[in-house]
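Single-structure report; data block below.
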Amino acid sequence: MMYNKICLLGASGAGKDWVCSEIMKRHQEFVRLSFSDGLKEICYNVFDWMKRDYSPEQKEKPLNIKTSLGEIIDLSPREIWLKMNFLREIENGIFVRKLNDELNELEFYGVETFIISDLRTKPELDFVKQNGFKIIKIVNHVNYHPENDFDRIQNSKEFLDAVDHVYENRIGKAFNENEFWNF
């Protein structure tokens, strides 16, 4: 059975973006939303040397660029985004608010089918539950990234109890749509 509101949960590098793209290839009615898009947009506007987004491989590699003032930036995009997490200390729900605004606008124009690609925090969890999203945890058995705070939060009882389905992303294998929707 297909649902019209789904949200992906998983550790860094589990393949959430890949699964999201595979769903959207097969079901063009889905509109992708992301809590992190607000953060990426802020970074893009503040750091004129950053792109709005990067491929999965590029997210992990140091940028190694020189700013207009000659400063070398050797952090990866993911490291920069994680450092910018301090914005949540100012307004914990900042990215929930930004996604909610986007969701409301899309619904106003009649869009009904959504996939959120990146559930990470308690306010995000509360939001997706309140808005009727089915939560699908993406797991794989290859850990490309050191565990971060978001990964630890996702393994809490509250998050695990909220999961409606677990999809095993077998790296290097084709996407199995039947297994994905089997809940």
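Tell me which residues, restricted to the stretch 98-109, are in contact (Cβ under 8 Å) with a residue 12 or more places away in the chain and either within 19 Å of Leu125 (Cβ to Cβ) or open to solvent by 70 Å² or more (accessible area, probe 1.4 Å) (or both).
Lys98, Leu99, Asn100, Glu102, Leu103
Could you count how many residues in the stretch 154-177 are part of a loop (DSSP other than H, G, I, E, B) and out of contact with any strand residue (DSSP E or B) (no Cβ under 7 Å at 6 or more places or on another chain)?
The qualifying residues number 9.
Identify all residues within the stretch 79-97 that are part of a helix (DSSP H, G or I) and open to solvent by 50 Å² or more (accessible area, probe 1.4 Å); write none if there are none.
Glu79, Leu82, Lys83, Phe86, Glu89, Ile90, Arg97, listed by residue number.
Identify, from the list Glu41, Glu57, the residue that is more than 25 Å from Glu105 (Cβ to Cβ) and assigned to a helix (DSSP H, G or I).
Only one candidate passes the filter, namely Glu57.
Please work out if Thr113 is β-branched (Val, Ile, Thr), more than 24 Å from Arg152 (Cα to Cα) and at pLDDT 95 or above.
yes
Can Phe127 be described as open to solvent by less than 50 Å² (accessible area, probe 1.4 Å), part of a loop (DSSP other than H, G, I, E, B) and out of contact with any strand residue (DSSP E or B) (no Cβ under 8 Å at 6 or more places or on another chain)?
no
Given the conditions (1) open to solvent by 30 Å² or more (accessible area, probe 1.4 Å); (2) in a loop (DSSP other than H, G, I, E, B); (3) under 24 Å from Val142 (Cα atoms); (4) out of contact with any Pro (no Cβ under 9 Å at 6 or more places or on another chain), report the number of the one that Ala14 does not fulfil.
Here Ala14 meets the rest and fails (1).
The values are calculated or read from the model by the stated rules, or taken from the named source; none is laboratory data. None of these values were measured; they are calculated from a predicted model. Heads up, the Cβs are rebuilt from the backbone with ideal geometry, glycines too, and the neighbour counts pull from every protein chain shown. Just so you know, the surface numbers come from the protein's heavy atoms only, side chains and all, with ligands and any DNA or RNA stripped out. Shrake-Rupley method; radii C 1.70, N 1.55, O 1.52, S 1.80 Å.
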